[in-house]
Amino acid sequence: MNAYKSLVGTSLTSLGCSLRSNRAASSPISFRPLTSFSSLLSLPLGLRIVCCRVPSRSYASSAEGAAISIEATGFADQLLSTNPNLETPDEGLLNDTVEHLLANPDDVARLMKMERRSINLDGGQSVRTSRWFPYLDRFRCGTDEYLSSGEVLEALSPYISDVRKERFRNVVRNRSYSVCLVVEGLCDFGNVSAVFRSADALGFQSVHVVSCDSKRYRNNRHVSMGAEKWLDIELWNSTLECFNFLRSRGYRIATTHVGMDAVSVYEMDWSCPTAIVVGNENRGISEEALELSDLHCSIPMKGMVDSFNVSVAAGILMHHAVCNRMSRLGCHGDLTMEQSQILLAEFSLRHSRSAISIANEYAKRKAGMFTPKL
């Protein structure tokens, strides 16, 4: 019996050592070098430890841990503490982005940082000659200073880890505005959140929301996994208003509908700029949307039921659109080099709470360098 206890004790000790060894190996510490930008700003830099999530599959039995990296961030922290007038996003807005946006449509522009193109319905025809891209190559700092996307990237690069920057590049490479999603009148905001998550995962940058009530969103925020932070979300008070603007941007509008005139999604050419519209969980697409759309499409079903959950249907539609575009075009992402750089700058500005302050300070120092001395 004593020998048995000793054997068991030895096995447990070995197992514990093995687990400690694996845990230590999964949390490396990496030091990021300072760049020449720090000397340009001539401000003392401190160090802080930040947690960088290592990519892992959520369903894996041995998910990798979180790596620790040390970044030079004292400059940004000093800006926030010493200059309260610097423009910084509202923390509440960052924590409850979708809830805030859906409840306050006038504040939707606060989520998007680079200046956006303005378009009116009368001048919309000019957009049809090229694919729609919403951003201009400039970021407004204060009242008089502007930064190009290249300058934004230069300003923020020292404060974003190499792993994160590579993730941004990979995401932008596979992003497209050529196909966008419209959700009309959804009531279950668990579904809205799931749609946002699928859109981000499949490379859709633009999502439009028509006439949603935001009161029930709070309990379902976790479903989106923060995808709303990286999407361009536009809110509309009516279906007519939304469809008119989409047409002015060059989109054809396809509503999901089970009917005799519906075209199978497998027969559509998704290389054309298309807005996919999904409707209410109970009533489906509104009669107004059906009348205003350019075509009706449906997902062929082989079972006893004749409908999908709306978030599932949206996921299937977007996934097939991506597959069709890859088959026809060779890829889903279709941004030009200039557009890709602008979207990279947009993501960098959304990256952290201090990004706006850092860009503003960079613009001030840049303006000071070129101000002639009298």
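The values are calculated or read from the model by the stated rules, or taken from the named source; none is laboratory data. Please read all numbers here as calculations on a predicted model, not as lab measurements. We place every Cβ from the backbone using ideal geometry, glycine too, and count neighbours over all the protein chains shown. In case anyone asks, the SASA skips ligands and DNA or RNA and just uses the protein heavy atoms, side chains included. Shrake-Rupley method; radii C 1.70, N 1.55, O 1.52, S 1.80 Å.
Worth pointing out:
- L335 being within 30 Å of R140 (Cα to Cα), of a type in the set (A, V, I, L, M, F, W, C) and open to solvent by less than 20 Å² (accessible area, probe 1.4 Å): no
- Of all residue pairs spaced 6 or more apart or on separate chains, those with beta-carbon atoms under 9 Å, a first member in segment 323-337 that is free of Cβ contacts under 8 Å to residues at least 60 places away in the same chain and a second member that is assigned to a helix (DSSP H, G or I) and surrounded by fewer than 19 Cβ atoms within 10 Å (Cβ to Cβ) are N324/Y266.
- Considering A345, A314, A289, A275, the condition of being surrounded by 21 or more Cβ atoms within 10 Å (Cβ to Cβ), closer than 30 Å to L153 by Cβ and in contact (Cβ under 8 Å) with a residue 12 or more places away in the chain is satisfied by A345 alone.
For every residue, the table says whether it meets (1) over 25 Å from A199 (Cβ atoms); (2) in a loop (DSSP other than H, G, I, E, B); (3) of a type in the set (D, E).
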{"position": "Y146", "(1), (2), (3)": "yes, no, no"}
{"position": "G150", "(1), (2), (3)": "yes, no, no"}
{"position": "E154", "(1), (2), (3)": "yes, no, yes"}
{"position": "P158", "(1), (2), (3)": "yes, no, no"}
{"position": "K165", "(1), (2), (3)": "no, no, no"}
{"position": "N170", "(1), (2), (3)": "no, no, no"}
{"position": "V182", "(1), (2), (3)": "no, no, no"}
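- Apart from one condition, M301 fits all of (1) over 29 Å from the mean Cα position of the chain (by Cα); (2) free of Cβ contacts under 8 Å to residues at least 12 places away in the same chain; (3) open to solvent by 70 Å² or more (accessible area, probe 1.4 Å); the exception is (3).
- Annotation note: of V258, V277, the sole residue that is over 25 Å from R350 (Cα atoms) and not in a strand (DSSP E or B) is V258.
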